[in-house]
1. Restricted to the range 38-63, and to residues that are of a type in the set (A, V, I, L, M) and surrounded by 10 or more Cβ atoms within 10 Å (Cβ to Cβ), which residue is nearest to ALA23 (Cα to Cα)?
2. For the range 52-63, name all the residues that are assigned to a loop (DSSP other than H, G, I, E, B) and of a type outside the set (S, T, N, Q).
3. Please go through the range 1-51 and pick out each residue that is small (Gly, Ala, Ser) and either at pLDDT below 80 or assigned to a helix (DSSP H, G or I) (or both).
Amino acid sequence: FLSSKEKPTLGGAWIKTHKRNIAAPLDPAAFVDAVVGIYVDHEGDLELVAKSFESAELDFSRY
């Protein structure tokens, strides 16, 4: 009743692995240092600070 033959397999198929999002660790101290550094560099001139924030690659939504 049970045959000794092996069950058929798909010859060229391979199992896909799931890709995970690699999350960068949170580093609030470095973020604060960057924000304060930009402010200090421009001596509190809010126009220059705002322009620097726009051009800086800081992820405000994370913090």
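The values are calculated or read from the model by the stated rules, or taken from the named source; none is laboratory data. Being a predicted model, the structure only gives us computed values, none of them experimental. So basically every Cβ, Gly included, is an ideal-geometry build from the backbone, and we count neighbours across all protein chains shown.
1. The residue in question is LEU58.
2. Initially, the range 52-63 is screened for residues assigned to a loop (DSSP other than H, G, I, E, B), giving 56-63.
Those that are assigned to a loop (DSSP other than H, G, I, E, B) and of a type outside the set (S, T, N, Q): ALA56, GLU57, LEU58, ASP59, PHE60, ARG62, TYR63.
3. Initial filter on the range 1-51 (small (Gly, Ala, Ser)): 3-4, 11-13, 23-24, 29-30, 34, 37, 44, 50.
Correct list: SER3, SER4, GLY11, GLY12, ALA13, ALA23, ALA24, ALA29, ALA30, ALA34, GLY37, ALA50.
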